[in-house]
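What follows draws every value from the coordinates through simple rules; no lab data is involved. Note that this is a predicted model, so its numbers are computed, not measured. No Cβ is skipped: glycine too gets one built from the backbone with ideal geometry, and neighbour counts run over all protein chains shown.
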Amino acid sequence: MTTPHGEGPYHCHAHVDPLAGLRTPGDPPWDVYLTGTVFLDIIFTGLDSAPVRGTESWARGMGSSPGGVANMATALARLGLKTSLAAAFGDDHYGEYCWDALEQGEHIDLSTSRTVPHWHSPVTVSMAYEGERTMVSHGHEPPPEEPAPDCPPRARAAIASLTPGTRAPWIAQAARKGARIFADVGWDDTGRWDLAALPDLEHCEAFLPNAEEAMRYTRTRCPREAARALTDHVPLAVVTLGAEGAYAVDGRTGETADVPAIAVEALDPTGAGDVFVAGFVTGTLAGWPLADRLAFAGLTAALSVQEFGGSLSAPGWTEIAAWWRRVQSYDDQDPTALRRYAFLEELLPADARPWPLRRAVPTIGFRTSA
């Protein structure tokens, strides 16, 4: 996959500030803070099948981009949120590329990030085929470093990935500074699936597991039942249901929302979960109704799976606007479905480009002549 002629590795997004009507001089400097590991992602696309042992497979396309926590940071920044990321970067060319792509290309604040001398960047090679992906990763933990006194910085929200059996001190620190904490969780390799093993959940406003994770943690057989059970531990539970959409319960008000997924042809699911969380956080900070937040999160995730890669595929407002204009052009479009997303109309830029867009660049960088 290559970039259309005339485009570089960074693409322009129409500037939309979803929080414009809420901003005041006393606001925190950042809308969202997050921390984690940045990988260099190399994505092979156009494979007819999984690689076969003892053979060589040729991919019809490839792309490279920052991955790992960069997927979430990029998704947030492209939706117009002032995003601050704390991460370690290698002092190799991969690390330099990832830093530049995030800071210059996506306008993500990296003032709390650091470059680690003589440490190589973690790398993930992803192969996309048949709507799924296979990944191989390599990396080492960077040397530990004491956080700066102002880290985490003041932010409206922070996004955390909870690890069973581990407490991350920065989460409590961010909450004390007034940040609203949104958390997801990975697969519990211990097999215990014990909510007590997620001690930082007590600081969270919202918990966003997938259906399988939610049911295992609550010992329930229905994801909607699991969401309701989770509100005994966190104010807002959002359970993603894959092709069925998402379900949310606000334990503070008793409000529920059940929004179906948008039917799309999925090319690569890499980063779709990160994009969903970014969309939900955006809607929450903007003060939208719960159902609108779920619909928007599902829409951004649906747009992302139609592109290859993680951060490469995160949609901005230009892509969302182009989608909205396109679906309205169909004569047989379901009016009920259109009304579900009509709340976006006043936010969307008028200069939508053709959709879908291709964003992947096949190299780390080109030489430039002096």
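Results, tabulated for the structure shown:
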{"quantity": "Interchain or long-range residues, amide H under 5 Å from residue 160's placed H", "calculated": "182, 183, 184"}
{"quantity": "Relative contact order of region 214-264, defined on C-alpha pairs under 8 angstrom at six or more residues apart (%)", "calculated": "26"}
{"quantity": "Relative contact order computed over region 41-170 (Cα-Cα under 8 Å; 6+ residues apart), in percent", "calculated": "24"}
{"quantity": "Relative contact order of the chain, defined on C-alpha pairs under 8 angstrom at six or more residues apart (%)", "calculated": "19"}
{"quantity": "Using θ = phi - 60° and Karplus 6.51 cos²θ - 1.76 cosθ + 1.60, couplings along region 279-284 (whole Hz; Gly, Pro as x)", "calculated": "x, 5, 4, 4, x, 5"}
{"quantity": "Fraction of beta bridges assigned by DSSP in the chain that are antiparallel (%, nearest 5)", "calculated": "45"}
{"quantity": "Among beta bridges that DSSP assigns inside region 192-323, antiparallel share in %, nearest 5", "calculated": "75"}
{"quantity": "Qualifying GluC sites (Glu not before Pro) in region 187-267, DSSP loop, other Cβ atoms within 10 Å at most 12", "calculated": "265"}
{"quantity": "Neighbour cut-off at most 15 other Cβ (10 Å), DSSP loop, chymotrypsin sites (Phe, Trp or Tyr not before Pro), region 11-63", "calculated": "58"}
{"quantity": "Label point distance in nm, residue 337-residue 15, each placed 7 Å from Cα along Cα→Cβ", "calculated": "3.5"}
{"quantity": "3J(HN,Hα) from dihedral phi, region 24-37, Karplus parametrisation 6.51/-1.76/1.60, rounded to Hz, x for glycine, proline", "calculated": "9, x, x, 5, x, x, 10, 7, 9, 10, 8, 9, x, 9"}
{"quantity": "Fraction of antiparallel bridges per DSSP, region 40-171 only, in percent to nearest 5", "calculated": "60"}
{"quantity": "Mean ellipticity per residue at 222 nm, deg cm²/dmol - from DSSP H runs of n ≥ 4 across the chain, formula -39500 (n - 2.57)", "calculated": "-7000 deg cm²/dmol"}
{"quantity": "Residues whose placed amide H lies under 5 Å from that of residue 39, excluding near-sequence neighbours", "calculated": "67, 68, 69, 70"}
{"quantity": "Sparsely packed chymotrypsin sites (Phe, Trp or Tyr not before Pro) within region 126-222, loop by DSSP, other Cβ within 10 Å at most 13", "calculated": "187"}
{"quantity": "Which of 124, 107, 157, positive extreme of dipole for the chain (C-beta unit charges)", "calculated": "157"}
{"quantity": "Per-pair calculated FRET efficiency, R0 = 41 Å: residue 263 and residue 219 via Cβ, rounded to 0.05", "calculated": "0.80"}
{"quantity": "Spacing of the two label points (7 Å from each Cα toward its C-beta) at residue 329 and residue 141, in nm", "calculated": "5.3"}
{"quantity": "Where labels lie 7 Å past Cα in the beta-carbon direction, separation of residue 193 and residue 205 in nm", "calculated": "2.9"}
